[in-house]
Amino acid sequence: MRFVDGPVRVSVPATSANLGPGFDALGLALDLRDRLEAEVLPEGRAGVEITVEGEGESSVPLDETHLVVRAMHAAFDLLGARPAGLRLHCRNVVPHARGLGSSSAAIVGGVVLARALVVDGVALLDDDAVFALVARIEGHPDNVAPALFGGLTISGRDDDFWSASAPVDPRVGVVVLVPPTGLSTELARGLLPDRVPHGDAAANGARTALVVAALAGQPRWLATATRDYLHQDYREPAMPHSLALVRALRADGVAAVVSGAGPTVLAFTLDGPDGEDTRSLLARCPEGWAGRHLAVSTDGAVVG
Ligand SMILES: Nc1ncnc2c1ncn2[C@@H]1O[C@H](COP(=O)(O)OP(=O)(O)OP(=O)(O)O)[C@@H](O)[C@H]1O
Ligand SMILES: N[C@@H](CCO)C(=O)O
């Protein structure tokens, strides 16, 4: 195995998981990208040299425990060898611990970077192998799948993780309303019950299928489709303001959900960044929160 000379660059999209009822299954890539650059250090220079600008610059570790580096090392181990020395530069815009897939972007970015640093890396580690690795590192597949493949993905796990892509009507975009403080996915998952009523599971099953049909070209169903019975209400104690906002928007007929494990609120919109619906959703952004329109990203992780 040989490493390429010089730096390689990868960009990876933010993602929103669940989309209401599709807990741990549905994921959508959004047009907001972390940009990573890495190179193998020349012989004689060992260890990792990490610089971070933007999100996480004052909080993420700058050693081998950095999530991107951990993912790179996992990929190098599969590919055959770790380089002695690595330089990594991260320009991060995906907010951390807000439900917009920052950890998946870091993991997918790291694995795809490592593969790009190896001569013939794609032949040694194809996209299916990358997906298996990133899903294993993240522990659930719903964010890593769209971060890797782009667009809308439906993912799950039997013995192995699997993921299928589904079409998205080009009119569909989202408004995200991002609170100033985060919530770790681990904490939000700890609030979920071991068992749920059969009726709730059945209601969610129908709506998960309806989300896929609505996003594919029947957006009039989005508000009905995005109602969730399996996770959002259970998580209310950790994000009461987000749940209150989701309920208020839904009462007005808006297809609003908690994005991922929260606390960001996501609402679907069809009229683009400057449309009236988008403007009225942005006007509902609470003080101190950050609101923005994002297009769906048809691309996942991109090298170059
Ligand atoms: N680019 C990054 N570089 C290094 N560490 C990161 C990066 N992005 C995320 N992390 C780590 O992952 C944590 C956030 O992961 P977490 O799973 O809690 O939330 P999320 O991925 O932003 O949201 P969600 O999974 O709900 O979409 C951060 O606090 C940080 O420790
Ligand atoms: N499906 C996951 C997404 C966040 O990583 C959850 O809701 O916990």
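Axis angle, to the nearest 10 degrees, between helix 67-79 and the longest C-alpha principal axis of the chain: 60 degrees. Element breakdown for the range 8-166 at a 1.4 angstrom probe: carbon and sulfur atoms account for 47% of the accessible area.
Could you do me a favour and compute the accessible area per residue for the range 173-295, 1.4 Å probe, result in Å²?
Details: 5910 Å² over 123 residues.
Each residue of the range 173-295 exposes 48 Å² on average to a 1.4 Å probe.
Gain on full extension, evaluated as 0.36 nm per residue between residue 195 and residue 234 minus their Cα-Cα distance, stands at 12.9 nm. Between the range 103-132 and the range 63-95, how many Å separate their Cα centres? Using only Cα atoms to place each centre, the spacing works out to 11 Å.
What angle do you read, to the nearest 10 degrees and between 0 and 90, between the alpha-carbon axis of helix 240-251 and the longest principal axis of the chain? It works out to around 50 degrees. Highest GNM mean-square fluctuation among 37, 276, 236, for the chain modelled with Cα contacts below 10 Å: 276. Surface composition of the range 173-295: carbon plus sulfur atoms contribute 54% of the solvent-accessible area (1.4 Å probe, protein chains only, all chains present).
Ligands, DNA and RNA excluded, the heavy atoms of residue 137 present near 60 Å² of accessible surface to a 1.4 Å solvent probe. Computed FRET efficiency, Cβ-Cβ of residue 290 and residue 160, R0 41 Å: what is it to the nearest 0.05? E between residue 290 and residue 160, to the nearest 0.05, is 0.65.
What 222 nm value per residue comes from the helices of the chain, counting each DSSP H run with n ≥ 4 as -39,500 (n - 2.57) and dividing by all residues, nearest 500 deg cm²/dmol?
Mean residue ellipticity, 222 nm, calculated: -9500 deg cm²/dmol.
A crude spin-label estimate for the pair residue 43 and residue 202, with each label 7 Å from Cα along the Cβ direction, gives 6.9 nm. For the range 173-295, taking Cα atoms only, Rg and Dmax work out to 14.4, 43 Å respectively. Find how many whole Å separate the alpha carbon centroid of the range 200-267 from the alpha carbon centroid of the range 17-54. Each part reduced to its Cα centre gives a spacing of 26 Å. Here is the list for the range 193-297: trypsin sites (Lys or Arg not before Pro) lying in DSSP coil, each with at most 11 other C-beta atoms within 10 angstrom of its C-beta, are 195.
For the range 8-166, the per residue solvent-accessible surface stands at 38 Å², with DNA, RNA and ligands left out and a 1.4 Å probe.
The values are calculated or read from the model by the stated rules, or taken from the named source; none is laboratory data. As the structure is a prediction and not an experimental result, all values here were calculated from the model. Glycine gets a Cβ as well: all are built from the backbone with ideal geometry, and neighbour counts include every protein chain shown. When the accessible area is computed, the model is the full protein with side chains, heavy atoms only, and any ligands, DNA or RNA have been set aside. Shrake-Rupley method; radii C 1.70, N 1.55, O 1.52, S 1.80 Å.
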